[in-house]
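Note sheet for the following structure.
The values are calculated or read from the model by the stated rules, or taken from the named source; none is laboratory data. All of these numbers come straight from a predicted model, not from anything done at the bench. Positions of Cβ are backbone-derived with ideal geometry, glycine not excepted, and every protein chain shown enters the neighbour counts. Calculation scope for accessible area: heavy atoms of the full protein, side chains included, ligands and nucleic acids excluded. Shrake-Rupley method; radii C 1.70, N 1.55, O 1.52, S 1.80 Å.
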Amino acid sequence: MTNIHKLIDVGTIQVSALLLRDAKFFARSLDSRPLIEVASQSKASVDDLRSAGERTVTVDTLIGAFEAAYMPWQWRGPDYPTLIYHHGSGERPFDFGRFSSNSFRRLFAATDQAVPANLVAVRAPFHDGSNMDYARAMGDLENFVGMLAASVGLIDALATQANDRTSHPVLASGISLGGWAVNLHRACFDTVDQYVPIFAGAALGEMFVSSVYRKMTAGPAQRRSDHLREVLDFEEEFRAVEMANCAPLLARYDRIIEYDRQHSAYAGMSLSVLDKGHVTGSLATDRLREHVLRVLSACDTDRVGRA
C-alpha cells in the first residue's frame with residue numbers, strides 16, 4: 001500500500017535537489033573538525049532577555065566566528081518557565097508576515113493559545129538571507145558544523161541568562177535542524193532542564209548518507225559516507241548523558257529523519273511518535289504545539305513540586 005507521507009517526503013526532496021543543481025550540501029569542501037568537538041567549545045554572550053527585539057550575536061567557535069541571532073518573544077516574568085525554540089533548516093524564523101511559514105510563527109506567534117512561558121526564538125547562522133544563499137553556504141561542511149555549533153553556543157548562553165532570571169525550568173525545543181541543535185546542546189552541555197527535540201536524533205551524518213536527503217548531498221560527499229558519520233554523528237555523547245531529561249517526538253513515516261535509524265538514541269526516554277512523515281508532520285501544527293506545551297507543563301509542575 002502506498003504511504004502518502006513517505007511519498008510527499010521523497011517528492012519534496014527530489015524537487016529541492018533539482019532546484020539546487022550544483023549547490024548541494026558539501027559540494028565544495030569536506031574538511032572539518034568533528035561537530036561534537038566544535039560545539040562543545042562554542043561560546044556566546046547575550047543581553048537581558050526581558051527586553052523584546054531581535055539581537056544579533058557573534059558566537060566564537062574553534063573554526064571561527066559565526067553570526068546568529070535571538071529574539072525574546074515574550075517575557076512573562078521570573079515565576080514562569082522559559083522556552084528556547086530553534087527553527088528548522090532554511091526557515092526565516094523572524095519573518096512574521098502573513099504569508100510566512102516558519103515553524104516559530106505557526107507554533108507560537110500566530111495562535112490564540114497562550115504559551116505559559118517566557119519564550120525566546122533562536123536564528124541559526126546563514127538564515128537571514130535567501131534560501132539560495134543558505135544553500136551556497138552549505139557547500140562547505142565546515143560551515144554546516146559551525147552553524148550548528150554556533151546555535152548550541154547561543155542556546156547555552158540563553159539558558160544561562162534564563163536561569164539567572166528565574167527559578168523555574170528552562171526548556172529547549174526545535175524542529176529538524178533545531179532538533180539536532182537541541183540534542184547537540186544536551187550532548188555537549190546538558191544545562192537545560194528539559195529538551196524537546198522534534199524530528200531529530202543523534203546520528204546526523206546518517207541523514208546525509210542513507211535517507212532520501214542524500215539526494216541533497218553532493219556526489220563526492222556521498223562517496224565519503226564514513227567521513228560524514230565521523231564528523232557529524234554524536235550518538236555516543238548523547239547516550240552518555242545520565243539524566244532522562246529529553247522528551248523527543250519522531251514521525252513514524254519520516255524519510256529524512258528516519259524513525260528506524262534515529263529512535264535508538266532515545267532508549268529509556270519518553271519517546272512520542274506521530275503517524276506522519278517529515279513534511280506532513282511539520283505541518284501538523286496543533287499536534288506539535290500540544291507536545292511542546294504538554295512537556296512544558298509537566299516539567300514546570302515537577303520542578304515546583306520538588307521545590
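Normalised by the number of residues in region 197-286, the average gap of Cα pairs under 8 Å and 6 or more apart makes the relative contact order 34 percent. Per-residue packing, averaged as other Cβ atoms within 10 Å, sorts the ranges 172-182, 256-266 into the order 172-182, 256-266, beginning with the highest.
Relative to the 2.2 N^0.38 Å rule of thumb, region 31-134 has a C-alpha radius of gyration ratio of 1.17.
Of the peptides 114-125, 99-110, the order by per-residue mean of other Cβ atoms within 10 Å, starting with the highest, comes out as 114-125, 99-110.
Under the convention that each Lys and Arg Cβ holds +1 and each Asp and Glu Cβ holds -1, the size of the dipole of the chain around its Cα centre is about 800 debye. The dipole here belongs to region 163-307: it is taken about the Cα centre, uses +1 on the Cβ of Lys and Arg and -1 on the Cβ of Asp and Glu, and is about 440 debye.
Simple spin-label estimate for residue 48 and residue 62 gives 3.7 nm between the two label positions (7 Å along the Cα-to-Cβ direction from each Cα). Taking R0 as 30 Å, what FRET efficiency do you get between residue 16 and residue 226 from their Cβ-Cβ distance, rounded to the nearest 0.05? The calculated FRET efficiency here is 0.75.
Subtracting the Cα-Cα distance of residue 210 and residue 110 from 0.36 nm times their residue separation leaves 32.5 nm of extension gain. Surface analysis of the chain yields an accessible area of 42 Å² per residue, using protein heavy atoms and a 1.4 Å probe. Rounded to the nearest 10 degrees, what's the angle between the helix 141-165 long axis and the longest principal axis of the chain, both from Cα atoms, 0 to 90? Compared with the principal axis, the helix lies near 10 degrees. Using a 1.4 angstrom probe on heavy atoms only, work out the carbon and sulfur share of the accessible area of region 1-134 in %. Accessible surface attributable to carbon and sulfur in region 1-134 totals 49 percent. Counting only protein heavy atoms and using a 1.4 Å probe, the accessible area of residue 2 comes to about 100 Å².
In the chain, the longest principal axis of the Cα atoms and the axis of helix 285-306 are about 40 degrees apart.
Residue 37 contributes about 70 Å² of solvent-accessible surface, heavy atoms of the protein only, 1.4 Å probe. Here Cα extents along the principal axes in Å was computed from the coordinates, and among [x] 53, 48, 42; [y] 58, 47, 37; [z] 53, 42, 42 the match is [x]. Over the chain, Cα pairs under 8 Å with separation of 6+ residues give a relative contact order of 22 percent. Taking the protein heavy atoms of region 143-298 in the context of the full set of protein chains, the accessible area attributed to carbon and sulfur is 43 percent at 1.4 Å. For the chain, the 222 nm mean residue ellipticity estimated from helices alone, with every DSSP H stretch of n ≥ 4 adding -39500 (n - 2.57) and the total spread over all residues, rounds to -11500 deg cm²/dmol.
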